[in-house]
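Participant: Please see the structure below; I have some questions.
Each reported figure results from applying straightforward, stated rules to the coordinates on display, with no laboratory input. Because the structure is predicted, anything quoted here is derived from the model rather than measured. Note: ideal-geometry Cβ built from the backbone for every residue, glycine included; neighbour counts use all protein chains shown.
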Amino acid sequence: MTHQHTLNQGLNCQACGGEKTMKPAKVSKMSPVVQVIGWLLTIPSILGILFSGFIFLSSLLATGTAEDPSVGGAALVAGTGTAVCTAISSLIGGLLGYILIMKKKVWKCNQCGYHIDRD
């Protein structure tokens, strides 16, 4: 029996005894409270990455408009350093947030809600 054929047919539920009631689904790995925390980490992280790009572009523009080359170089170094630090911390926060909101693939019973991992 092929894998696609099994997905279309379904599996028998071990909990309620239903025949072919288990279908492929995705369920959250964490509780709803932890998922809210994950979203609270992920959304500001996306904004932080955008903000770091804005800082980097601003430092490049400041370099070109400065009358004194040493001021332009200092603006580039300070802006680039700030952008890199902001981007790295945002990426770490975003990764942690993503881990908290991830879902896993399971076989889920349509009758009783029992589920087992598909992996």
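Participant: Would the chain count as rounded, prolate or oblate if I go by the C-alpha gyration tensor, calling it rounded below 1.5 in a/c and otherwise prolate when a/b exceeds b/c, oblate otherwise?
Facilitator: Details: a/c = 6.45, a/b = 3.70, b/c = 1.74.
Because a/c hits 1.5 or more and a/b exceeds b/c, the chain counts as prolate.
Participant: So if we plug the beta-carbon distance of residue 33 and residue 88 into 1/(1 + (r/R0)^6) with R0 = 22 Å, what FRET efficiency do we get, rounded to 0.05? Write out the running numbers ahead of the final one.
Facilitator: Numbers: r = 28 Å, r/R0 = 1.26.
Computed FRET efficiency for residue 33 and residue 88 comes out at 0.20.
Participant: Here's a follow-up. About its Cα centre, how strong a charge dipole does the chain have in debye, to the nearest 20, once Lys and Arg get +1 and Asp and Glu get -1 at the Cβ?
Facilitator: Numbers: 9 positive and 5 negative charges, 179 e Å.
Charge dipole, the chain, about its Cα centre: 860 debye, nearest 20.
Participant: Quick test of your reading: applying the under-4.7 Å Cβ rule, which cysteines of the chain are isolated?
Facilitator: Cysteines of the chain left without a disulfide-compatible partner: 85.
Participant: Right, here's the next one. Tell me which of 81, 49, 22 sits at the most positive position along the dipole axis of the chain, charges placed on C-beta atoms (Lys, Arg +1; Asp, Glu -1).
Facilitator: Farthest towards the positive end: 22.
Participant: Among the lysines, select those whose C-alpha is under 21 Å from the C-alpha of residue 103, and discard any that sit fewer than 8 residues away in the same chain.
Facilitator: 23, 26, 29
Participant: Now for a different question. Please enumerate, by chain and number, the aspartates and glutamates with C-alpha under 19 Å from the C-alpha of residue 104, excluding those fewer than 8 residues away in the same chain.
Facilitator: Cross-link targets: 117, 119.
Participant: Modelled label-to-label distance, residue 65 and residue 80, 7 Å Cα→beta-carbon offset: nm?
Facilitator: 2.0 nm
Participant: Here's something else I'd like to know. Calculate, in nm to one decimal, what residue 105 and residue 118 gain on full extension: separation in residues at 0.36 nm each, minus their alpha carbon distance.
Facilitator: Extending this stretch completely gives an extra 4.1 nm.
Participant: Rounded, prolate or oblate, given the Cα gyration tensor of region 33-101, with a/c below 1.5 counting as rounded? Could the numbers behind the result be given before it?
Facilitator: On the way: a/c = 6.06, a/b = 3.84, b/c = 1.58.
Prolate, since a/c reaches 1.5 and a/b exceeds b/c.
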